[in-house]
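Worksheet for the structure shown next.
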Amino acid sequence: MAKYILKRVLISIVTLWVLVTVVFILVRCMPGEPFQGEKMTPEIKANLEAYYGFDKSLPEQYIMYVRNLLSGDFGYSMKYLNQSVNKIIAQSFPYSFDLGIRAIVFSVSFGIIFGIIAALNRGKKLDYLCVVIAILGTSIPDFIMGAILQYLFGIKWGLLPVAQYLGFRYTILPAVGVGFYTLAMVSRLMRASMLEVVQQDYIKTAKAKGLSKAEIVCSHQIRNAITPVVTVLGPVVASILCGTFVIESIFAIPGMGKYYVESVQNLDYSLVLGMTVFYGSFLILSNLVVDILYGVIDPRIRLQESR
Amino acid sequence: MRKRWTALFLAGLMAVSMAGCSTPGSNVENESKTEEGTDGETEGGEQKVFRYSVTSDVSTLDPQKNNESTSGTIGYHTGEGLTRSMDGVVHPGLAEEWEVSEDGLTYTFHLRDAKYSDGEKITAQDFEYAMKRIVDPKTASQFAFIAKPLENADEITAGTKDVDELGVEAVDDNTLVCKLGFPAPYFLQVISMSQFYPTREDLVEKYGEEFAADGDKNVYSGPFCLKEWKQNDRIILEKNPMYWDADKVNLDRVEILIVADENTALAMYEAGELDYVNVPTDAVANYPDAEFYKMGAEDFIKLNTGDGPLANKNFRLALNYGLDRKEFIKLSTNDIWEPATRFVLPDVGGFEGTFGEDYPYEAFPLEEDQKKAEEYLNTALKELGIASASDITLELLTSDLERTKKEAEVLQALLGEALGINISISMIPFADRVERENKGEYEMVVSGILPDYPDPISFLESWETTSPYNHCNYSYEEYDNLLQKAYHTGDAKERMDTLAEAEKVFMEDGGLVPLQFRMNARLVSDKVTGVTNYFSGYSINFIYADVK
């Protein structure tokens, strides 16, 4: 197991380095210039370039960037002057993370429950209900979902606040908005996986052993069916925790979502890089966790690797 | 096994409920509540709070680096220049009075006794430091060009002269002398902008890159202090008791929320969570009570007059007469924005009233003039040696925003139909569009101007042959001569007359195709009075606002 984990960690570090390098080059290839405006004279532009070190050669800039990165310094944003990228991430990430955790807990717990209910009631009304929810969840885009939730619960019925993120009541609508798609996906996956597992020999064996239906479902069917769900959770968790542009913007939540889109539009090199590296590390980390969890859940992987 | 699942589920529930106790923002609400509570008790009255929202965060609150309108608005309320411009009219600010030399080149300002929010005296040296900081290449301010009227400003920014050679000097603590490179009556407007606010050298040195990055990393010379700035979330201002005119300031606190989605802001206003909101254009029809005001921005088709049909004056005029501006506005912005039939925004300052009042002018008709358009087109085709208008294909460059996309399509249809020419649309990301525009790599581009200060020159200067902002190869001697004359005359009336003539000459040459002046529609709560809007220096003014 230790060897397995070590190998995964090493692969993760290499991936991260490749990511930093590729993004560093790609960012410079984006069309347009970071310093622009109606009244940008060549002199003012030259001063700005010198200020941000863009007057140096690209390899020099790369070495400088990586050196700063190793000491945990992402540099200063070029759009939000005087604000370091570290500070921007430190201020916005807690919001996205908090919202993400809520959305994940909501979507995964309900998604799994719906999936199980649907599978156990295959072809019955409950199954169809769950399927309808799943289809709605996957097909309604989040900006419509957010607006509908906001209109119904915030404006029409006045039950929950329209926007902002100031306390538990404020978190409900955005969490549902963010989590709904994942809920649908998880419930579909769980349902399909449950139905597949039921065909397996070990379920027949369990039946033959004389176990009760509840015991079979809980200790054999669900445990085996949950593996594919865990597989997809890695990237999903990373993307949800690092912020969602649309929902955060609709509910005026000061999370990270907006910076992904905005930093690219503004050609804010340092912010683009900072956001990508941060998100990338997060993604790599969660995949690592999933890989390790795999070993825990599925003894076959653990055994294979240790041979 | 079942126990394990139950345990997991319970753990999940706990996580939800625990997290419920500590959302990252919840302390903000508690904080502001307790503050309001205690303040209310000590003052024995309720706090007057004004709340509104902006769509994007301010880019910086460093006065000299300030480069966009929201930063300008916050700056306007937390600082003050030698003068204060309100609705385009210059009033004394931190300078109580001033004298201008006869040649219009030397300004002597006498400061009033005023203090920063930390109790320190505001000195002439702080103004001198601020002005030098704008143009200093080390500051790398995008707005360095704003100091242009000051002697040697451009040379210092270009690095060919030393910062100490700037035409500004603090004679003593209360007297500041500014020397200009050319007579610029709009200098009094320019110095009301936040780039020219007094700035404390000790604080800039203390905080370095982080100067003004948070509320407590600067001091304030204006009616309000920056109490809190949570990036991408909210900006809280509080009354500055040290402000020299604090008696006239009624508000205790201003909460500026950053709400990216305009429809969300509108919903918050409806729910009573905001006192002021700008109505998104597509929702304006639902709010007959909304008041309109000009944003100051103008959109036009910029023509690259370097070569091809666009180098031909008659062809450019054909474009101008062939465009039905009324129809354009109707199709692109539902009749809400104002069609532009001249180049200079009529609301900028003129000699006595606004420029539009002093010099009424309609360069091109609101609706198309088919006959004139055809005449110009036929002459142009003859001069260019082109047989038919359908042989002409022009590229129209535009950014990929929803609005500009629509505008380009409407223009393509209207101009194509009126003149029989072909227009191909190139849609590219905004940043890319600006780069290509600044490099002159286009034939026609949907572009715009937001005036930096309310003076016609802010519009006209970019088309002078030698202007560093002239990216369209435009060159017209008569126009250049008029602008040079305006730059060098010390007589304010003559200057304004000349600028009006320059606009006329430019329009008669078909220098560009004016499209529209942008408008905003606002809703203000009944409780609130005294909130005004303007397009230069600030977009919203609540210094003298009051809350019932």
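Annotations
- Counting only protein heavy atoms and a 1.4 Å probe, region B:108-234 has 35 square angstrom of accessible area per residue.
- Normalised by the number of residues in chain A, the mean separation of alpha-carbon contacts (under 8 Å, six or more apart) gives a relative contact order of 29 percent.
- Geometric extent, Cα atoms of the protein assembly as shown - Rg, Dmax (angstrom): 31.1, 109
- Area buried, chain B against chain A - accessible surface, total, 1.4 angstrom probe, square angstrom: 5300
- Dividing the mean sequence gap of close Cα pairs (under 8 Å, 6+ apart) by how many residues region A:97-254 holds gives a relative contact order of 38 percent.
- Spatial separation of Cα centroids for region A:224-291 and region B:458-505, in angstrom: 51
- Region B:73-109 and region A:1-68 have Cα centres lying 43 Å from one another.
- Rounded to the nearest 20, the Cβ-based charge dipole of region A:2-75 about its Cα centre (Lys and Arg +1, Asp and Glu -1) stands at 620 debye.
- Ligands, DNA and RNA are left out, and with a 1.4 angstrom probe the accessible area of region A:200-246 is 47 Å² per residue.
- Normalised convex hull volume, chain A, alpha-carbon set, Å³ per residue: 175
- Relative contact order computed over chain B (Cα-Cα under 8 Å; 6+ residues apart), in percent: 18
- Semi-axis lengths, largest first, of the ellipsoid equivalent to region A:1-117 are 38, 22, 14 Å, with √(5λ) applied to each eigenvalue of the Cα gyration tensor.
- Residues losing 40 Å² or more accessible surface upon assembly, region B:429-454, compared with the chain by itself, 1.4 Å: B:ALA431, B:GLU435
- Summarising the amide proton neighbourhood of B:ILE423: residues at separation of 5 or more, or on other chains, whose placed amide H is nearer than 5 Å comprise B:LEU394.
- Under the convention that each Lys and Arg Cβ holds +1 and each Asp and Glu Cβ holds -1, the size of the dipole of chain B around its Cα centre is about 1740 debye.
- Trypsin sites (Lys or Arg not before Pro) lying in DSSP loop within region B:140-224, provided at most 16 other Cβ fall within 10 Å: B:LYS161
- Length added when fully stretched, B:ASP358-B:GLN125, from 0.36 nm per residue minus Cα-Cα: 80.0 nm
- Cα-Cα separations in region B:334-400 greater than 20 Å, expressed as whole percent: 57
- Each of the peptides A:15-23, B:539-547, A:126-134 was scored by the mean count of other Cβ atoms within 10 Å over its residues; in descending order, highest first, they stand as B:539-547, A:126-134, A:15-23.
- Nearest-10 value in Å² for the accessible area of A:VAL246, using the 1.4 Å probe: 40
- Accessible surface, per residue, of region B:294-520 when the full set of protein chains is kept, probe 1.4 Å, Å²: 38
- Using the Cβ-Cβ distance between A:LYS213 and A:LEU136 with R0 = 25 Å, the FRET efficiency computed as 1/(1 + (r/R0)^6) comes to roughly 0.25.
- Reciprocal of mean inverse Cα separation for region A:97-254 (Kirkwood radius, Å): 16.8
- Shape category assigned to region B:360-453 from the gyration tensor of Cα positions, a/c cut at 1.5: prolate
- For region A:2-75, the share of accessible area belonging to carbon and sulfur comes to 71 percent (1.4 Å probe, ligands and nucleic acids excluded).
- ³J(HN,Hα), Karplus 6.51/-1.76/1.60, whole Hz, each residue of region B:105-116, x for Gly, Pro: 9, 10, 10, 10, 9, 10, 7, 8, 7, 9, 10, 6
- Ordered from longest to shortest, the equivalent ellipsoid semi-axes for region B:94-172 are 23, 18, 10 Å, each the square root of 5 times a Cα gyration tensor eigenvalue.
- Subset of B:LYS138/B:LYS217; B:LYS161/B:LYS504; A:LYS7/A:LYS258; B:LYS148/B:LYS248; A:LYS45/B:LYS206; A:LYS258/B:LYS132 violating a 29 Å alpha-carbon distance limit: B:LYS161/B:LYS504; A:LYS7/A:LYS258; B:LYS148/B:LYS248; A:LYS258/B:LYS132
- The shape of chain B comes out oblate: with a ≥ b ≥ c from the C-alpha gyration tensor, a/c is at least 1.5 while a/b does not beat b/c.
- Cα-Cα pairs of region A:173-289 separated by more than 16 Å (percent): 69
- Apportionment of accessible area to carbon and sulfur, chain B, percent (1.4 Å): 48
- Neighbouring partner chain Cβ atoms per residue of A:94-100, average, 10 Å criterion: 3
- Peptide ranges A:205-211, B:531-537, A:27-33, B:471-477 listed from the most packed, as the mean C-beta count within 10 angstrom indicates: B:531-537, B:471-477, A:27-33, A:205-211
- Anisotropy class of region B:413-548 from Cα gyration tensor, a/c 1.5 cut: oblate
- Measuring nothing but protein heavy atoms, the accessible surface of region A:97-254 at 1.4 Å probe radius is 69 percent carbon and sulfur.
- When the other protein chains are added to the chain by itself, burial of at least 20 square angstrom of heavy-atom accessible area (probe 1.4 Å, ligands and nucleic acids ignored) affects these residues of region A:43-59: A:GLU43, A:ILE44, A:ASN47, A:LEU48, A:TYR51.
- Whole-Hz couplings from phi, Karplus 6.51/-1.76/1.60, listed for region B:371-378; x for Gly and Pro: 5, 4, 4, 5, 4, 4, 5, 4
- When the residues B:MET427, A:MET256 are ordered by accessible surface, computed with a 1.4 Å probe over the protein chains alone, the sequence from largest down reads B:MET427, A:MET256.
- Fraction of alpha-carbon pairs over 30 Å apart in region B:294-520 - percent: 20
- Close amide H pairs (under 5 Å, H built 1.01 Å from N) link B:LEU512 with no residue at least 5 positions away or on another chain.
- Counting only other chain Cβ atoms within 10 Å of each residue's Cβ, the peptide A:82-88 averages 5.
The values are calculated or read from the model by the stated rules, or taken from the named source; none is laboratory data. Computed from a prediction, not measured in an experiment: that's the story for all the values here. We place every Cβ from the backbone using ideal geometry, glycine too, and count neighbours over all the protein chains shown. Surface accessibility is based on the protein's heavy atoms, side chains included, excluding ligands, DNA and RNA. Shrake-Rupley method; radii C 1.70, N 1.55, O 1.52, S 1.80 Å.
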